[in-house]
Amino acid sequence: MKREDALFNWLQIQLVADARPQDRSAQETASFFRQILLEDHQVRELRIQRHEEWYVLTGQTDDGTWERRYPAETAEALLAALQSDPRYTS
């Protein structure tokens, strides 16, 4: 999996996991993508920050520190879909 894809997938599911700490599937899936980032792409010290309409990911690899920005609406789409579907509400 490409690093950019893994980063975005991790961001989306991590937002779900943070909002739904009781959701074991979300916790496990976030951990799975984090492991891919660590093992396949050597991403360390990964952080999420919300800045107005953006989520900013910062991380560290052997090549140095980097930053990626994702629109908040896009990053939160999975969480919004889960929250609006009665099958997934707690």
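Listed values, structure above:
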| read-out | value |
| --- | --- |
| Residue match in the stretch 67-76 (condition: among the polar types (S, T, N, Q) and assigned to a helix (DSSP H, G or I)) | yes |
| In the stretch 55-73, the residues that are among the β-branched types (Val, Ile, Thr) and surrounded by 13 or more Cβ atoms within 10 Å (Cβ to Cβ) | VAL56, THR58, THR61 |
| Residues (β-branched (Val, Ile, Thr) and in contact with a strand residue (DSSP E or B) (Cβ under 7 Å, 6 or more places away or on another chain)) located in the stretch 30-60 | VAL43, ILE48, VAL56, THR58 |
| Checking GLU4 against (1) outside any strand (DSSP E or B); (2) touching a residue at least 60 places away in the same chain (Cβ under 8 Å); (3) open to solvent by less than 70 Å² (accessible area, probe 1.4 Å), the condition it does not meet | (3) |
| Subset of the stretch 77-89 that is open to solvent by 60 Å² or more (accessible area, probe 1.4 Å), part of a helix (DSSP H, G or I) and farther than 15 Å from ASP18 by Cβ - its residue that is modelled with the lowest pLDDT | TYR88 |
| Residue, farthest from GLN14 (Cα to Cα), within the stretch 33-83, restricted to residues that are under 11 Å from the mean Cα position of the chain (by Cα) and of a type in the set (Phe, Trp, Tyr) | TYR70 |
| Residues of the stretch 8-23 classified as outside any helix (DSSP H, G or I) and closer than 13 Å to GLN83 by Cβ, total | 2 |
| Of residues in the stretch 24-47 being among the acidic types (Asp, Glu) and at pLDDT 95 or above, the one farthest from LEU57 (Cα to Cα) | GLU28 |
| Condition met for ALA19 (more than 22 Å from THR61 (Cβ to Cβ), surrounded by fewer than 19 Cβ atoms within 10 Å (Cβ to Cβ) and at pLDDT 95 or above) | yes |
| Output for the stretch 24-50, where each listed residue is without any contact (Cβ under 8 Å) to a residue 12 or more places away in the chain and either outside any helix (DSSP H, G or I) or open to solvent by less than 60 Å² (accessible area, probe 1.4 Å) (or both) | GLN49 |
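The values are calculated or read from the model by the stated rules, or taken from the named source; none is laboratory data. These numbers were taken from a predicted model, which means no experiment stands behind them. Please note: Cβ atoms are built from the backbone with ideal geometry, for glycine as well, and neighbour counts cover all protein chains shown. Accessible surface areas use protein heavy atoms only, side chains included; no ligands, DNA or RNA. Shrake-Rupley method; radii C 1.70, N 1.55, O 1.52, S 1.80 Å.
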